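Okay, so here's the structure we're looking at.
The values are calculated or read from the model by the stated rules, or taken from the named source; none is laboratory data. Treat the numbers as computed from the prediction; the structure is a model and nothing was measured. Counting neighbours? That spans all protein chains shown, and the Cβs are built from the backbone with ideal geometry, glycine included. Just so you know, the surface numbers come from the protein's heavy atoms only, side chains and all, with ligands and any DNA or RNA stripped out. Shrake-Rupley method; radii C 1.70, N 1.55, O 1.52, S 1.80 Å.
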Amino acid sequence: MVKEKYNPYTTAQAQFDHVADLIELEDSAREVLRQPSREFHFTIPVKMDDGTTKVFKGYRVQHNDARGPAKGGIRFHPEETEDTIRALSMWMTWKCAVVDVPLGGGKGGIVCDPRDLSLGEQERLCRGYVRQLAKNLGPNVDVPAPDVMSSGQHLLWMLDEYEVIKGARYPGAMTGKPVGMGGSLGRTEATGYGVIYTLREALKTLDIDISSTTASFQGFGNVAEYAARLYSSMGGKVVAISSYDPNDKKAYTFRQLDGIDIEKLVTYKDQFGTIDKEKATAMGCELLEGDAWIEQDVDILLPCALENQITAKTLAKLSDEVKVICEGANGPTTPDADELIKTKDIYLVPDFLCNAGGVTCSYFEQIQSNTNEFWEKEEVFEKLDKKMTSAFHAVHNLAQEKNLYMRDAAYIIAINRVAEAVKLRGWI
Ligand code: NAD
């Protein structure tokens, strides 16, 4: 039997269709919103260091820009697919709408493995990407950011190429720039902190004291690291964290039942979020199988690594202790698992609300770049907390009022906002 490959676009459209049915969205709005508005598929020829020319595939998808310029990262991945980018661009639209920032949804990708390219080749690839797209990018059009395997340096090369083509400075054309080159303070922490701001509010509504809770994380990359640090600083106890080990080509779960010293573990991870097995076990962690993170007797589960992790199958392993799931990753839960979570006493903070701290801070970066201003880190965190907290309560209140699943409530708010913008503009 051929195993069907997981397709995130199918999930994104299934989630949309489900909510479009719930709110009886009219057909024209459905047709506009269940697919991207625009897609760019192109080739990028790059002169390699050995004198040959290699041709890479590039994509940019603008799902919807009715509420503002499209916004979303550019992923570098050897197995990048058009459908992954379509799904992620759609989730960006809902994410920007649910936190109510005046931006739309976009996503881009280059089929490549930057680890196999020299710095010079990476720079030429970034500049080539922008040369193909410059007409369709810009602070008022579509604003890219770093994503999987792309960095602030890559975005800065892209920005430089864009400004050379346009003949002027447009610092608000890209976000995720290095601090000192127009980047915002607090962007590194923003997604993980946002996850914990929503968790803190969820626990308040459940009347649970955060300092009496335990948590298990999947992943220890950018999102999980800062989420775990803030959660620990609020008194929560992290008992398990899983991460992928590229040398062993498998993931491991690191468990310490009396609580992992997060600040110490951070010093044992590399820039890709891989935890050093020897050092972690020496500090007292047990080494378990990669998927053991989901089976732990904890109050809170935080999938912060990959899509397609909480499925009908893996859900069967969940402890009855679990009270809250905070989706730091994009698309960690499948629609069939959602149906089962609804029947359990588990509070879910859905991905495009939970991990919206990153794009919210990118929006702050754009404001600072467009106005030549710089905000202090504390000011950024204060504004971020306010945005995330008010978005959380809007979703929570709707879910309570109409007895809805949190993901459905978040979708209803986001889809209604975007559908309204599309209508007001006279597109449908
Ligand atoms: P990252 O590359 O920094 O870290 C990924 C982590 O996942 C690493 O620790 C890696 O070891 C771990 N991992 C990979 N495969 C695993 C497996 N099979 N089992 C256990 N751990 C595994 O990535 P990130 O930036 O932290 O992003 C994580 C997720 O959050 C992704 O879904 C991403 O799309 C989403 N997200 C990130 C941001 C952001 O600002 N970084 C914003 C919104 C959403």
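Before moving on, here are some points about what is shown:
- Cleavage-rule hits, chymotrypsin sites (Phe, Trp or Tyr not before Pro), segment 349-396, DSSP coil, Cβ neighbours within 10 Å at most 15: F374
- Length gained on full extension, D270 to K166, computed as 0.36 nm times the residue gap minus the Cα-Cα distance: 33.7 nm.
- Near I341: Cβ cut-off under 14 Å, other residues only, Lys/Arg at +1 and Asp/Glu at -1. The net charge is -2.
- Among C112, C354, C326, the largest mean-square fluctuation in a Gaussian network model of the chain (Cα springs under 10 Å) belongs to C112.
- Calculated FRET value between K423 and S390, using beta carbons and R₀ = 25 Å, to 0.05: 0.55
- Remark: the Cα gyration tensor places segment 72-203 in the prolate category, a/c being 1.5 or greater and a/b exceeding b/c.
- Segment 36-48 - phi-based ³J(HN,Hα) in whole Hz, Karplus 6.51/-1.76/1.60, Gly and Pro as x: x, 5, 9, 9, 10, 10, 8, 10, 10, x, 10, 6, 8
- Helix-derived mean residue ellipticity, 222 nm - over the chain, DSSP H n ≥ 4, -39500 (n - 2.57), to 500: -14000 deg cm²/dmol
- Å² of accessible area per residue within segment 330-379, as computed with a 1.4 Å probe and no ligands counted: 40 Å²
- The GluC sites (Glu not before Pro) found in segment 5-82 that occupy coil by DSSP, while having at most 15 further C-beta atoms within 10 Å, are E24, E26, E79.
- For the options T93, T253, T311, a Gaussian network treatment of the chain with springs between C-alpha atoms closer than 10 Å singles out T311 as fluctuating the most.
- Anisotropy class of segment 1-94 from Cα gyration tensor, a/c 1.5 cut: oblate
- Of all accessible heavy-atom area on segment 19-120, the percent that carbon and sulfur account for (1.4 Å): 46 percent
- Whole-number accessible area per residue in Å² for segment 147-273, which is evaluated in the context of all protein chains at 1.4 Å: 41 Å²
- Cα gyration tensor shape of segment 224-347, rounded if a/c is under 1.5, else prolate or oblate by comparing a/b with b/c: prolate
- Separation of segment 408-424 from segment 188-232 is 27 Å, based on Cα centroids.
- Amide H contacts under 5 Å for S242: F217, Q218, G219, F254, restricted to partners 5 or more places along the chain or on a different chain, H placed in the peptide plane at 1.01 Å from N.
- Shown is the FRET efficiency for D49 and N247, computed with R0 = 30 Å from the Cβ-Cβ distance and rounded to the nearest 0.05: 0.70.
- Close amide H pairs (under 5 Å, H built 1.01 Å from N) link A329 with C304, A305, residues at least 5 positions away or on another chain.
- Portion, in percent, of the accessible area of segment 149-270 that falls on carbon or sulfur, probe 1.4 Å: 51 percent
- Accessible-area composition of segment 332-426, carbon plus sulfur, in percent [1.4 Å probe]: 47 percent
- Greater than 24 Å apart at Cα, pairs in K249/K342; K107/K135; K5/K107; K204/K344; K250/K279: K249/K342
- Of all DSSP bridge pairs formed entirely within the chain, close to 50 percent run antiparallel.
- Residue of D17, D83, D207 that the Gaussian network model of the chain assigns the largest fluctuation, springs spanning Cα pairs under 10 Å: D207
- For R75, distant residues with modelled amide H under 5 Å away: G108, G109, I110
- Loop-located trypsin sites (Lys or Arg not before Pro) in segment 330-428 (DSSP state other than H, G, I, E, B) with a sparse environment of at most 14 neighbouring Cβ atoms within 10 Å: K344, R425.
- Neighbour net charge for A145 - beta-carbon separation under 13 angstrom, K R +1, D E -1: +4
- Helices assigned as whole DSSP H runs in the chain whose Cα atoms extend at least 20 Å along their own long axis and whose mean Kyte-Doolittle hydropathy is -0.5 or higher are found at 8-22, 82-98, 152-166, 187-205, 357-371, 406-424.
- In terms of accessible area, using a 1.4 Å probe and ignoring ligands and nucleic acids, Y6, Y129, Y252 rank largest first as Y6, Y252, Y129.
- Put the Cα centre of segment 91-120 next to the Cα centre of segment 349-386 and the gap is 16 Å.
- Contact order relative to length of segment 87-199, as percent, for alpha carbon pairs under 8 angstrom and 6 or more apart: 19 percent
- Alpha-carbon centroids, segment 17-64 and segment 143-176: separation in whole Å: 19 Å
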